[in-house]
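Below is one structure, written out as structure tokens, with a few remarks after it.
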Amino acid sequence: MARVFGSFVLLALVFSVAMATDHSPLQDFCVADVNGQVLVNGLTCKNSSLVQASDFHFSGLHKRASIFNTALGFGVTPVFVAQLPGLNTLGISLARIDYAPFGINPPHTHPRASEILTVLKGSLEVGFVTSNPENRHISKVLNKGDVFVFPKNLVHYQRNLGKKRATVIVALSSQNPGLIPIANVVFGSKPDIATDVLAKAFQTSNDVINNIQFKF
Ligand SMILES: *[C@@H]1O[C@H](CO)[C@@H](O)[C@H](O)[C@H]1NC(C)=O
């Protein structure tokens, strides 16, 4: 009995380790070959003899996001595998997020990553919602130096509470966390999800849905 229990514990440990992040590296590094033509899970490795320090380096997180969503009041500077090829197979990445006064990063999920956030400047309301059937909204106001974690896959958001800009750094447990903005995928898909499907789902009229779909 003890031995059976022991194997279960071992199995549980093996699986929790194996599934904690992107797949584990099988060599020191596998710098992404940006010109690779082979389709694999992740990106193929650049010849390790040709790898340079620059493959492990990114510069620019001291600057505000260059691509800013003015309607929502936020901008993201990603440091994912596309920006930093040395991240390939390592299961981690980083981003800087800037918020205009009262700006929001709207509800979204990352299909491949948990996210840990720290506030460098300003104060933010952050939150996520647990899965069905509880749908519990867990939220908190954060100030400079505070840290908050958004568990993998759960819908989460941030809002700048102040009249000044806010800045955070987030770390993610994937080289390529992926992004599912709820409003865009539901109301802005191409082609549209049928208006009456969404009207029933959201228990409202076709007119209301049409109006929202038009904006996306
Ligand atoms: C990797 O690069 C080195 C140095 O240029 C070269 O000698 C070697 O053949 C390359 N390996 C592969 C698999 O292309």
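For segment 44-70, the tally of residues that are open to solvent by 70 Å² or more (accessible area, probe 1.4 Å), in a loop (DSSP other than H, G, I, E, B) and either farther than 24 Å from Ala95 by Cα or within 16 Å of the ligand (Cβ to nearest atom) (or both) stands at 2.
So, of the residues in segment 20-31 that are away from the ligand (no atom under 16 Å from the Cβ), surrounded by 10 or more Cβ atoms within 10 Å (Cβ to Cβ) and not acidic (Asp, Glu), which turns out to be modelled with the lowest pLDDT? For segment 20-31, the residue satisfying everything is Ala20.
Within segment 179-202, residues that are under 24 Å from Gly75 (Cβ atoms) sit with their Cβ atoms under 8 Å from residues that are open to solvent by 60 Å² or more (accessible area, probe 1.4 Å) and assigned to a helix (DSSP H, G or I), at 6+ positions apart or across chains, in these pairs: Phe187/Lys215. If you filter segment 73-94 down to residues that are aliphatic (A, V, I, L, M) and open to solvent by 60 Å² or more (accessible area, probe 1.4 Å), you find that the one that is farthest from the ligand (Cβ to nearest atom) is Leu94. Tell me, yes or no, whether segment 149-158 has at least one residue that is of a type in the set (Ser, Thr, Tyr) and in the same structural domain as Pro106 (by TED's automatic domain parsing). Yes, the conditions are met somewhere in segment 149-158.
The values are calculated or read from the model by the stated rules, or taken from the named source; none is laboratory data. For clarity, every value in this text was computed on a predicted model and none was experimentally measured. Every residue, glycine as well, gets a Cβ built from its backbone with ideal geometry; the counts of neighbours run over all protein chains shown. Note: accessible area is taken over every heavy atom of the protein model, side chains too, but ligands, DNA and RNA are not part of it. Shrake-Rupley method; radii C 1.70, N 1.55, O 1.52, S 1.80 Å.
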